[in-house]
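The values are calculated or read from the model by the stated rules, or taken from the named source; none is laboratory data. Because the structure is a prediction, the values reported are computed rather than measured. FYI the Cβ positions are ideal-geometry reconstructions off the backbone, even for glycines, and counts take in every protein chain you see. Just so you know, the surface numbers come from the protein's heavy atoms only, side chains and all, with ligands and any DNA or RNA stripped out. Shrake-Rupley method; radii C 1.70, N 1.55, O 1.52, S 1.80 Å.
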Amino acid sequence: MVRLILVAIAFATISSVLPVSAASLKGSTIPTDTSSGYATVNGIKMYYEIHGQGSPLVLIHGGGSTLRTNYGSVLNDFASHHQVIAVDLQGHGHTEGRPGNITFEQDADDVAALLKTLHIPQADIIGFSNGGSTTMQIAIRHPEVVRSVVIISAFYKREGLPAAFWKNMEQADFSYMPQVYKDAFMAVRHDQKALLAMFNQDRERVVHFKDWSDDAIRSIKVPAFVIISDQDVVQPEHAAAMYRLLPKGRLAIMPGAHGEFLGEAFTGKPGSKMPQLSVAMIEEFLAGVSNNQ
């Protein structure tokens, strides 16, 4: 019987991935910070790191994750061509949480406010999983700060995920959270109560997710690259439908599990060349955006 494990908006089946521990992160590319800090945005202190030089590129992690667990394998590669701004969203990693329910709209507002605080007028934005949903909301709510978006393994309607996902999510408890995410959180926060609060908020946000309209997706006028995996929790038909709604949409379906092609901490495979291939593909998209401006 397949058991689905919470990775915030998505589950990865135990039968499809090897167990991962915090020790596996030691082999990933963890660059030396160019700079890091906290900015007060919308009442919280939000953590960010800035790496490299060039056109601004924002990296937004998924639920239960941190900027390191999702992007540790590719951050250096992106920073070789861009000024990368990587963030920890509310309640995740270094960033303090808010009480009560959390929303993708609030996360979007936080990222937009951070860019304004850092005096970055416009950026390309990459979002993975829950971060992909946040990225869509940034483009919907704050189009003035967005040059293009890369939406990875995200959905906009409940029908985009299999029925088993919703059933398992409703039953999920803290034991479902991958240990590598727990370890990464505790390494920077050392606060078990904050970790549990983050898990519960992420779970509740997904369980009570309400569909976004097709018109909301159509309103994203900037170039948009939709990417999923062929063994993703997001169904290919849903990704294709989203891509067709986007006025300047592109679509790619990569091999592997949820986040595997990024070298994500839970599903990435040591020694794989897929993260660098993925970076090259995304860079090609971003170069096309620049050339068409």
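Descriptive notes on the structure:
- Candidate set from the stretch 219-238 (those that are in a helix (DSSP H, G or I) and open to solvent by less than 60 Å² (accessible area, probe 1.4 Å)); member that is nearest to Arg158 (Cα to Cα): His238
- One residue alone among Ala241, Ala216, Ala287 is open to solvent by 10 Å² or more (accessible area, probe 1.4 Å), part of a helix (DSSP H, G or I), over 25 Å from Val145 (Cβ atoms) and small (Gly, Ala, Ser), and that residue is Ala241.
- Which listed residue, of Leu118, Leu57, is crowded, with 22+ Cβ neighbours inside 10 Å and farther than 19 Å from His258 by Cβ: Leu57
- Of all residues in the stretch 178-227, those satisfying the criterion of being among the basic types (Lys, Arg) and within 20 Å of Asn70 (Cα to Cα) are Lys182, Arg189, Arg203, Arg205.
- Here Ala79 meets the list (1) farther than 22 Å from Ser278 by Cα; (2) of a type in the set (A, V, I, L, M, F, W, C); (3) out of contact with any helix residue (DSSP H, G or I) (no Cβ under 7 Å at 6 or more places or on another chain); (4) in contact (Cβ under 8 Å) with a residue 40 or more places away in the chain almost entirely, failing just condition (1).
- Note on the stretch 90-135: residues that are assigned to a helix (DSSP H, G or I) and either of a type outside the set (D, E, K, R) or within 17 Å of the chain's Cα centre (by Cα) (or both) amount to 19.
- A single member of Asp109, Asp88 is open to solvent by less than 40 Å² (accessible area, probe 1.4 Å) and more than 26 Å from Lys269 (Cα to Cα), and it is Asp109.
- Among residues of the stretch 263-288 that are touching a residue at least 12 places away in the same chain (Cβ under 8 Å), those with a beta-carbon under 7 Å from a residue that is among the basic types (Lys, Arg) and surrounded by fewer than 22 Cβ atoms within 10 Å (Cβ to Cβ) at least six positions away or on a different chain give the pairs Phe285/Arg250.
- Residue in the stretch 152-161 that is in contact with a strand residue (DSSP E or B) (Cβ under 6 Å, 6 or more places away or on another chain) and not basic (Lys, Arg) present: yes
- Of everything listed in (1) open to solvent by 20 Å² or more (accessible area, probe 1.4 Å); (2) free of Cβ contacts under 8 Å to residues at least 60 places away in the same chain; (3) in contact with a Lys or Arg (Cβ under 9 Å, 6 or more places away or on another chain), the single unmet condition for Gln201 is (2).
- Residue in the stretch 154-171 that is without any contact (Cβ under 8 Å) to a residue 40 or more places away in the chain and among the charged types (D, E, K, R) present: yes
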